[in-house]
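Trainee: I have a structure here, written as C-alpha cells, and I will follow up with some questions on it.
The values are calculated or read from the model by the stated rules, or taken from the named source; none is laboratory data. Note that the structure is a prediction, hence the values are computed from the model and not measured. For neighbour counting, all protein chains shown are included, and Cβ atoms are generated from backbone atoms with ideal geometry for every residue, glycine included.
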Amino acid sequence: MGAVKQNIDFKMITIHYSVWRSLVAVAMGLLFIMWPQESVSYLIVMTGGIFILAGLCSFFVWRRQRVKSEGWFSPSLLSVVAVGSILLGIWLVVSPDFFIALFGRVCGAVLVIAGVQQVISLLAARKRYAVAAGYYILPALILIAGAVILVYPVETVANTFVLLGSVSLFYGVNELISWYKFRPKKAEPLSVEEVEAEEVADGGA
C-alpha cells in the first residue's frame, strides 16, 4: 500500500507542476502581449535590482573581511566589482529606456553590418560567377530590418516581446489542454485480494 500511495503522490506532484507551469506561461504571455513596452522596462528594472542586491552583498562581504584584516578602505577586486555592480544596477533602474534603446540599436547595427557584408560578398562573387538577382533579396531584407531597428529601437524590442508573449501564451494553453486530455484517471479502489497482496509484498520487502 505504501508503494501505491507514494506513486499516487508523485503523480499528483507532477500534475500540479504542469498546471502551475502552464498558468505561469499564460500569465507571462498575456503580460507581454498587453503591455510589451512596460514589460521590457520592468524586466530592465528587475535586472538592475538584482545587480544592486548582488553588489551590496559583495560590498558587505568585502567590508567584513577588510575590517578584520587591513582596514575599512583597503582596495580589492571584490570592492571594485561590488561598487560597479551597484552603480550599474542604479543606472538600469533609473534609465531602463536608455538600455532598451541601446540594446535595439546594437542589434540593428549588427544586422546592418551583416547585410552590407553579404551584399559586398555577392558583388565580389559577381566578378567570377553569374549571381542571380534573387540572391540579393535576403541581404536586402536583413539590411532593411537593421535600419528599421536603428530608427525605432524601443518599438522593435516591444514588438519582439509581443511575439515572445504569443509563443508563451500558445505554449501555456497547449500545455493545459494536454494535461486535461491526458491526465491520469482516478484510481479505482483496490479489492481485498489486492490489498492483501500489497501488504504481503511490503512485508517481504
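Trainee: How many residues does the stretch 142-167 hold that are closer than 16 Å to residue 102 by Cα and β-branched (Val, Ile, Thr)?
Mentor: 7
Trainee: I need a count of the residues in the stretch 16-29 that are at pLDDT 85 or above and surrounded by 15 or more Cβ atoms within 10 Å (Cβ to Cβ).
Mentor: Counting residues in the stretch 16-29 that are at pLDDT 85 or above and surrounded by 15 or more Cβ atoms within 10 Å (Cβ to Cβ) gives 2.
Trainee: Something else about it: Could you tell me whether residue 141 is assigned to a helix (DSSP H, G or I) and closer than 25 Å to residue 117 by Cβ?
Mentor: So residue 141 fits the description; yes.
Trainee: Just give me the residues in the stretch 129-144 being of a type in the set (A, V, I, L, M) and either at pLDDT below 85 or exposed (fewer than 14 other Cβ atoms within 10 Å of the Cβ) (or both), in sequence order.
Mentor: Within the stretch 129-144, 130, 131, 132, 133, 137, 138, 140, 141, 144 qualify.
Trainee: Another one. For the subset of the stretch 54-94 comprising residues that are at pLDDT below 70 and surrounded by 14 or more Cβ atoms within 10 Å (Cβ to Cβ), which member is farthest from residue 40 (Cα to Cα)?
Mentor: 66
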